[in-house]
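Report on the following structure.
Any read-out appearing in this document is the output of simple, stated calculations on the displayed coordinates, not a laboratory observation. From a predicted model like this one, the values you see are computed outputs, not experimental measurements. All Cβ positions, glycine included, derive from the backbone under ideal geometry; neighbour counts span all protein chains shown.
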Amino acid sequence: MNEVLKQIGDIGIVPVIKIEDTAQAVPLAKALCEGGLPVAEVTFRTEQAEEAMRLISKEVPQMLVGAGTVLTTEQVDRAVAAGAKFIVSPGLNPKVVQYCIEKGIPVTPGCSNPSDVEQAIELGLEVVKFFPAEPAGGIAMIKAMAAPYTKMKFMPTGGINAKNLNDYLSFPRIIACGGSWMVKDDLIRDGKFEEITSLTREAVMTMLDFKLQHVGINAKDNDGALAIAKAFAAALPLSVNRNTEASVFAGKEIEVMKGCGRGMLGHIAFSCNYPSRAVAYLKRRGISFDESTAKYDENGNLTLIYLADEIGGFAVHLVKN
């Protein structure tokens, strides 16, 4: 897959924005980045779109800027000249798609039926936009349509919000979702950038859904681990329910290691919906990971990884929900 599309997949949500005043472009981009979404599809629904892309590309270089509602090859040229790194269109125009391919810029045209997808495959595309997502049948339609096209991936847009976001993202053939619920027109128009940051952060946390999974405690040996687990079971409404080669569990909340495990004091596990997206998010916040600890499922999806540094004497790892 194209590197830009991989970046979009790591982020998971693409805010779709309409700029009517170019003075709003940079503070809006900064608000999105601060909230955890350093990507935006700036739609060509206004005359200010091109200049907005240019300003964001210059002033907020960490933002991955794309152009949306691209209908002509002339708009492709204008978008690329303004700094756009990807192109999105509401429908599949073979002329526009072929032009983008020749220019070497990733393009995701809108597709809502199998005939559109077959055209996209013929043009050599790996990812298409599913639009309008909810009116066209939502995640059920995508799953049904994806079945015969086993290598095609989708980026649905249209009617997606915080309530149905994970219904879409939980399907592995979806690389990201486009949406505007965190960048509504009135919030942009009224300059409510702090609220946009808050809604953006809320969207990211809804997507990732970090939860404390369990706390690991280091014991010297098997007998010590069993004694500690039994002590927790006696003190709290827990039961000693798993005794493995490496550890003993009291409930699902307490894991006692047989022999010193990771961390000076032990370890703490946080679950999340999408470990690879969580890692990408935390890396953008300056967190490092011990890549040697990464574990993957049979499909190559990350399922567990430790942070590089201990926190308060505890090793910390992410695990898939």
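Spin-label model, Asp221 to Ile121: label points 7 Å out along the Cα-to-beta-carbon direction sit 6.2 nm apart. Local charge sum around Val215 (other residues, Cβ-Cβ under 11 Å, Lys/Arg +1, Asp/Glu -1)? Its environment carries a net charge of -1. Projected onto its three principal axes, the C-alpha set of the stretch 211-320 covers 42, 27, 23 Å, listed from the longest axis down. Sorting the segments 229-237, 312-320, 24-32 by their residues' average number of neighbouring beta-carbon atoms within 10 angstrom, most packed first, yields 24-32, 312-320, 229-237. The trypsin sites (Lys or Arg not before Pro) of the stretch 132-168 that DSSP puts in a loop, and whose beta carbon has at most 16 other beta carbons within 10 Å, are Lys151, Lys163.
Using a cut-off of 31 Å between Cα atoms, the listed pairs Lys151/Lys252; Lys230/Lys283; Lys211/Lys295 include Lys151/Lys252; Lys230/Lys283 as exceeding that distance. Over the stretch 7-114, Cα pairs under 8 Å with separation of 6+ residues give a relative contact order of 20 percent. Taking every DSSP bridge with both residues inside the chain, close to 40 percent are antiparallel. Around the Cα centre of the stretch 211-320, unit charges on the Cβ atoms of Lys, Arg, Asp and Glu (plus for the first two, minus for the last two) sum to a dipole of about 360 debye. Per residue, the average separation of C-alpha pairs within less than 8 Å and at least 6 apart gives the chain a relative contact order of 14 percent. Modelled spin-label separation between Ala23 and Ala235, with each label point placed 7 Å from Cα along the Cα-to-Cβ direction: 6.0 nm.
Using a/c under 1.5 as the rounded threshold, could you call the stretch 3-207 rounded, prolate or oblate? The axes a ≥ b ≥ c are square roots of the C-alpha gyration tensor eigenvalues, and prolate needs a/b larger than b/c, oblate otherwise. Oblate.
Quick one: Cα centre-to-centre distance for the stretch 210-256 and the stretch 47-123, in angstrom? Cα centroid of the stretch 210-256 versus Cα centroid of the stretch 47-123: 53 Å apart.
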